[in-house]
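The structure appears right after this line, and notes come after that.
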Amino acid sequence: MTEKIEVSNLIKVFGVHHQKGLSMLDQGMSKHEILRETGLTVGIDNISFSVHEGEVFVIMGLSGSGKSTILRCLNRLIEPSKGQVVVDGIDITKLNENDLRKFRQEKTAMVFQQFALLPHRTVLENTVYGLEVQKVAKKKREERAMQVLELVGLAGWEDKYPAQLSGGMKQRVGLARALANDADILLMDEAFSALDPLIREEMQDELLDLQHKMNKTIVFITHDLNEALKLGDRIAFLREGALVQIGTPEEITTNPADDYVAKFVKGVDRSKIMTAKDVMKKPNPLITLRDGPNVALRTMKEHGISSIFVTDKDRALKGILTADVAVDARYAGIQSLSEVELAKGPIVKENTSLIETLGIIAESRLPIAVVDNENKIIGIIVRGSILAALADLNSGNHLVEGGEADA
């Protein structure tokens, strides 16, 4: 797994004589002691973490915990007092002014809480602003802007002004402006917290859809646990400028590092954060289109199942063969399953929520196939495995990998 961002021993002390604060930290003095004796504020206290390429890394904590300070240190809108911020192997704390400006333009883009749109510019003109600063030709930058406006659902709104937009639409413009630069890294500072709850949820879904298509590296700041659990591949908890815990949503909710994190996750419905990946079993057995009905029936008999998933030679899912269809095909003298009309059962991605998966399988007599972005089967879910997972949650047990089940 490639590390896109590596933060090492990052410290930020606010105040004119910050070196004194650094010295006091080295002596083991606390943030509160330093504030009381010097008036200096320790915003970030010796934090280290890494962000994987293509992940959504959420940083959360209470107000004043240092979330936004860390985000702004990642592109040096705030100068770190000490430590390293390495992006793609380059320590940006050592960049000169020109190189830093180029880094900000090419590598990162920010989405702010309060939209930060220019009121005298249209939606299109706001979207192209970053490209305009980079002196990209007008035709090229407007073509790029129109592409991303369509991507975020604002096609047809390019000539409107911010005052004519709803809050959710304004945030879409902010997102489009960030995407137009085609930066590798999106830095999102409580980007949805100013929105009404329903619009906020829509924007969260929109971001996940965009991430599926564009696979950016996203650092997302929030104080809302539900938002963190929904968006984050991993979550970092901060308390008073110090890092408390980093983990996946499942790790955070199952094994909180201390009482501080435990209070955050208390009462969380884990069924809402568990996914298809947590309950699927290995896709075994499988057969391919080149196999015939006799092979299919023998495989079903060996495994005690009444249906089986069929793939092509590259493991891409083609459908489900049931025992009765296989018997009919054998009597008809069919030699290859490519000649058989296969059943089309439900299909989900591995990040589909457990609750949504339960709703899908409740409406189908066939098992669920879990596929990747290339439609290759990576897992199988049957009704029993979901019910067992829910039963384990209700009893307080942790999930364990189950045995084989009827496909």
Among (1) touching a residue at least 60 places away in the same chain (Cβ under 8 Å); (2) touching a helix residue (DSSP H, G or I) at 6+ places or on another chain (Cβ under 9 Å), which single condition is R141 missing?
(1)
Residue in region 72-82 that is of a type in the set (A, V, I, L, M), touching a helix residue (DSSP H, G or I) at 6+ places or on another chain (Cβ under 6 Å) and surrounded by 18 or more Cβ atoms within 10 Å (Cβ to Cβ) present
no
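Listed here are the residues, each with its yes/no results for (1) surrounded by 19 or more Cβ atoms within 10 Å (Cβ to Cβ); (2) part of a strand (DSSP E or B).
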| position | (1), (2) |
| --- | --- |
| E132 | no, no |
| R141 | yes, no |
| G156 | no, no |
| A163 | no, no |
| M188 | yes, yes |
| D205 | no, no |
| I218 | yes, yes |
| N226 | no, no |
I'd like to know if region 266-277 contains one or more residues that are closer than 19 Å to L366 by Cα, touching a Leu at 6+ places or on another chain (Cβ under 9 Å) and not in a strand (DSSP E or B).
yes
Region 103-124 residues that are in contact (Cβ under 8 Å) with a residue 24 or more places away in the chain, paired with ones that are charged (D, E, K, R) and surrounded by fewer than 19 Cβ atoms within 10 Å (Cβ to Cβ) (beta carbon under 6 Å, 6 or more apart)
K107/D184; T122/D159; V123/K160
So for region 353-369 (the condition being assigned to a helix (DSSP H, G or I), among the polar types (S, T, N, Q) and in contact (Cβ under 8 Å) with a residue 24 or more places away in the chain), does at least one residue qualify?
yes
Just the residues that are farther than 23 Å from L131 by Cα and in a loop (DSSP other than H, G, I, E, B), please, taken from region 190-203.
E190, F192, S193, A194, L195, D196
Hey, which of the helices (runs of 4 or more DSSP H) in region 3-96, taking only ones fully inside, have at least 3 residues that are assigned by TED's automatic domain parsing to the domain that holds L208, of a type outside the set (A, V, I, L, M, F, W, C) and closer than 30 Å to T248 by Cβ?
67-73
Do the conditions hold for A257, that is, is it touching a residue at least 24 places away in the same chain (Cβ under 8 Å) and either in a loop (DSSP other than H, G, I, E, B) or over 20 Å from T357 (Cα atoms) (or both)?
no
Can you name the number of the only condition in (1) assigned to a helix (DSSP H, G or I); (2) among the charged types (D, E, K, R); (3) within 22 Å of G54 (Cβ to Cβ) that D182 fails?
(1)
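The rows are residues; the columns are (1) more than 30 Å from F264 (Cα to Cα); (2) modelled with pLDDT of 95 or more.
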site	(1), (2)
H52	no, yes
L62	no, no
G66	no, no
N98	yes, no
Q105	yes, no
Q114	no, no
Q134	yes, no
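For every residue, the table says whether it meets (1) within 20 Å of R72 (Cβ to Cβ); (2) buried (at least 18 other Cβ atoms within 10 Å of the Cβ); (3) basic (K, R); (4) within 15 Å of the chain's Cα centre (by Cα).
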site: A176; (1), (2), (3), (4): no, yes, no, no
site: N181; (1), (2), (3), (4): yes, yes, no, no
site: N215; (1), (2), (3), (4): no, no, no, yes
site: F237; (1), (2), (3), (4): yes, yes, no, no
Out of everything in region 354-376 that is of a type outside the set (V, I, T) and touching a strand residue (DSSP E or B) at 6+ places or on another chain (Cβ under 6 Å), what residue ends up being nearest to T322 (Cα to Cα)?
L366
Which one of these does V261 not meet: (1) more than 24 Å from the chain's Cα centre (by Cα); (2) surrounded by 16 or more Cβ atoms within 10 Å (Cβ to Cβ); (3) more than 26 Å from H212 (Cα to Cα)?
(1)
Counting only residues in region 31-63 that are among the small types (G, A, S) and surrounded by fewer than 14 Cβ atoms within 10 Å (Cβ to Cβ), the one farthest from I218 (Cα to Cα) is identified as G39
Here is a list: I368, I360, I355, I320. Which entry is farther than 25 Å from D233 by Cα and β-branched (V, I, T)?
I320
Members of region 329-342 found to be in contact (Cβ under 8 Å) with a residue 24 or more places away in the chain, outside any loop (DSSP other than H, G, I, E, B) and closer than 20 Å to K301 by Cβ, listed by number:
A329, R330, L337
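The values are calculated or read from the model by the stated rules, or taken from the named source; none is laboratory data. No experiment lies behind these values; they were computed from the predicted model shown. Note that we place each Cβ from the backbone using ideal geometry, even for glycine, and neighbour counts take in every protein chain shown.
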